[in-house]
Every structure is written in structure tokens, then in C-alpha cells.
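First up is the structure itself, then whatever we jot down about it.
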Amino acid sequence: MADRVTVIGWDGSPLTAAARSALGAATLVAGAAHHLALAEVPPAAERIRLGSVALAARRIAAHRGSAVVLADGDPGFFGVVRTLRAPEFGLEVEVVPAVSSVAAAFARAGMPWDDAQVVVAHRRTLRRAVNVCRAHTKVAVLTSPGAGPAELGLLLEGVHRTFVICEELGTEREQVTVVTSDKAADHSWRDPNVVIVIGGSAGATGSGGWLAGRDPSGGPRGWTLPAEAYGGLMGESELEPLRAAQLARLGPRVGDLVWDIGCASGAFATEAARAGAAVLAVDRDPQACARTEANARAFGVQLQIVHGTAPHILENLPEPDVVRVGGGGAAVVSAVADRRPQRIVTHAATRDAAELIGRDLTSHGYDVECALLQSVELDTRAWTERERSVAFLLSAVLPDRGA
């Protein structure tokens, strides 16, 4: 086993004395091609081109001598340290960090970043990274081949953002470019790069916060808020008890794309966005779209509002993770099920309508639950009934995608 494993971060600046000392004593050095070309790498040391970190860790574990792993930026921030510290390798790891590529990118842009979301985009996580860019006003994306600025821009179709693209930070080929998201696919970008994604109607506050990233405690308390918070005038499908039950069953979260079909006032869409999800709010009524936009702005959340009639308008929308159908009936629910989201919630006014929808969802392969949801609001001054609502709440989960 390696006597010692030192992980050295490199940001393009001269190596520290500690880093030079560890590297000079190394009998094995692992890193990318530009790391292995550094003059400080001992000529006699065994060299490993770093592709799979796990494979390199196995070779390091079998090595007798001192090993060094070179990585860009801070190797403890979305870097190789996590893999090297895995119990199966049994490695004792010492870290000499450098400035992370995210910190360097924001420094080049001259922007603070304590209020930014930071995501990693691989081919398998690209869609979720894009959803974070939809939902938040400031996001740093650590890209990878096949999941870079061009792919981000293509998947953000319909959402305007500004990209600050930082290529090959810390090298002689470093370049910082500012483009709009719709133009990012028109260029070829060099790896590695970091993309800062900026934009949206909810601007950042002028004062500093207390928590890095998005503050989940911002805004009023409560998963669902009363009708007065959204200007009143809510229909049966938007009453607070039904909204709360639907929100609980869908469980929208960061990285999700939520469809809210028949968004009406935008209460549900706003609350899903407050949970950190990206939201597409759909309605055929232009006044409903305007109310939804106004409520989203009032609560400082990002929504993409689509004016059109379901199910036809749904055909070209990006793939959803979870869907609330607030209007349109069985035909819209069936069209949604064809897109295979993880979860679907809707409601019906009668048992017959609920049974029709439930049977269709079952035929699509969903596990379906139905509950009769009744709420009675009381005036606590006289303890008399003020309002009563009754609805059949249907929730559907794809067995293989329910997580």
C-alpha cells in the first residue's frame, strides 16, 4: 500500500512549498495530461493518466511508496478526494487545496457567489442541472464533455439566461466569454470549463445572507398559504387543503421539473418553486397566466409560464419529473401519463370521474391511490361552518421511478 497519498490542487499559480515537497518525494503521480506535464513532476515517478478515479485509487493502494494525485482547483469540492477516501481503498489522504474553479470563475466575473447554487453536469445529471438553472437566478455549472455550455443552452430553450463561460481557468489559454443562453450552442467550447448562469425576474437582495446558496427559509412560513396570499378568488381546485395534499404527494425538490397544468392563480406552481423545483405553469386563460406571473414575482420565485390548451400544448414541453393536473380531466391526465413522469396528482369532483382517471393511470403502469378529501373551515369566533370542500384526490407513482 502507498505509504502516503497527497492530493494537490492546482489553479494555474505556482505550487506551494508543501505541494512541491510532496511532489518531489513522489514515486507515483496521477493526474490529467496537463498535470503530468508540470515541470515539478519527478522524471522517475510512475505516471497514471487520471480517467477513472476509482481505477487510479486501486493502483495507488497497490503501490509501495509515496503517491501524489494532481487535480484542478480544490480537490475536496466536487473532486477526487471523495473517491480516494472510500473505505474499500484504505488510503490515508492528505490534501493541499488550491482555489476552486467555481471561486475562480466568479472572481473572473467580479461577482459574489455565496448566494449561488453549484451543480455538476454529467450526461446523466445534465437535465437536473438545467432544472436548477431554470429555478434559480445564479448557478455555477461544473461541466463535462457532452454536458457543456452548448447542451445547457439547448435544454434551456424558452428560458432566457446569461452565460459567463470560463474556459481553461488558470492556464495560458484561459478565456472568459459572455453570451446569451440561446447563442451558446453556436460555439465550440474548450474543456475544462465552468459556466455561470445568471438571470430571471427575481433579483438577488443587496445585503449578504447567512447561508450559502438558496435560503430555504426565505418568504413566509408554511408549505401552502391561504388564498389571501395570492390575491384571493381561488377555485375549488386551488383550496389550501387540496393544495397541501397534492404538494405532499408530489414532493417537488431541487433538480425536478414540475408541470402545473391548469395553474389558475399560480398558487401551487409558486409553492413548488419555493421548494426549489423548476416549474412550468400551463393555462389556457391569459388572465390566469398573468396572475401566476404576478404571484411568482411577489414571492421571488422563477416560473416558466406557458399559455395554451392541454393536452396539445404539452407535446413540445421538456420532460417532467412530477405533474399536477389542476384542470382538463381524464384526457389531459392520460396525455401526461404518456410522458412517464415519476408522480402525478390530480383530483375529481365525483367518484365516477375519479374511477375513470384511476383506471387510465393503472393501464399506464402507475400505482394509484385515491382518497376522499373533505375539509370544513370554521369561523372560530362563533364556531360555525364557513366553507366546506370535498374532492377525490388521486395520486399515481411509477413503480420503477417513484424515488
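The values are calculated or read from the model by the stated rules, or taken from the named source; none is laboratory data. Everything numeric in this text was worked out from a predicted model, so none of it was measured. Neighbour counts are summed over all protein chains in view; Cβ atoms, including those assigned to glycine, are modelled from backbone coordinates with ideal geometry. Ligands, DNA and RNA are excluded from the accessible area calculation, which covers all protein heavy atoms including side chains. Shrake-Rupley method; radii C 1.70, N 1.55, O 1.52, S 1.80 Å.
Would you point out which residue out of THR309, THR292 is in contact (Cβ under 8 Å) with a residue 12 or more places away in the chain, crowded, with 19+ Cβ neighbours inside 10 Å and not basic (Lys, Arg)?
THR292
Working only within region 392-403, note down all residues that are modelled with pLDDT under 95 and either surrounded by 10 or more Cβ atoms within 10 Å (Cβ to Cβ) or among the hydroxyl-bearing types (Ser, Thr, Tyr) (or both).
ARG401, GLY402
With respect to SER237, is the statement that it is in contact with a strand residue (DSSP E or B) (Cβ under 8 Å, 6 or more places away or on another chain), touching a residue at least 24 places away in the same chain (Cβ under 8 Å) and more than 30 Å from GLY9 (Cα to Cα) true?
yes
Can you tell me which condition TRP189 does not meet? The list is (1) open to solvent by 50 Å² or more (accessible area, probe 1.4 Å); (2) in a loop (DSSP other than H, G, I, E, B), and all the others hold.
Result: TRP189 fails condition (1) only.
Could you grab me the full set of residues in region 340-349 that are at pLDDT 95 or above and in contact with a strand residue (DSSP E or B) (Cβ under 8 Å, 6 or more places away or on another chain)?
PRO341, GLN342, ARG343, ILE344, VAL345, THR346, HIS347, ALA348
Quick one: what pairs do we get from region 158-172, first residue open to solvent by less than 50 Å² (accessible area, probe 1.4 Å), second among the aromatic types (Phe, Trp, Tyr), C-beta under 7 Å, 6+ apart or different chains?
Matching pairs, first to second residue: ILE165/TRP189; GLU167/TRP189.
Got a sec? Which of VAL141, VAL95, VAL132, VAL118 is outside any helix (DSSP H, G or I), touching a residue at least 24 places away in the same chain (Cβ under 8 Å), open to solvent by less than 10 Å² (accessible area, probe 1.4 Å) and not aromatic (Phe, Trp, Tyr)?
Answer to the selection: VAL141.
Is at least one residue of region 40-60 assigned to a strand (DSSP E or B), in contact with a His (Cβ under 7 Å, 6 or more places away or on another chain) and surrounded by 14 or more Cβ atoms within 10 Å (Cβ to Cβ)?
No, region 40-60 contains no residue that is assigned to a strand (DSSP E or B), in contact with a His (Cβ under 7 Å, 6 or more places away or on another chain) and surrounded by 14 or more Cβ atoms within 10 Å (Cβ to Cβ).
Across region 294-344, what is the number of residues that are within 25 Å of the chain's Cα centre (by Cα) and not in a helix (DSSP H, G or I)?
26
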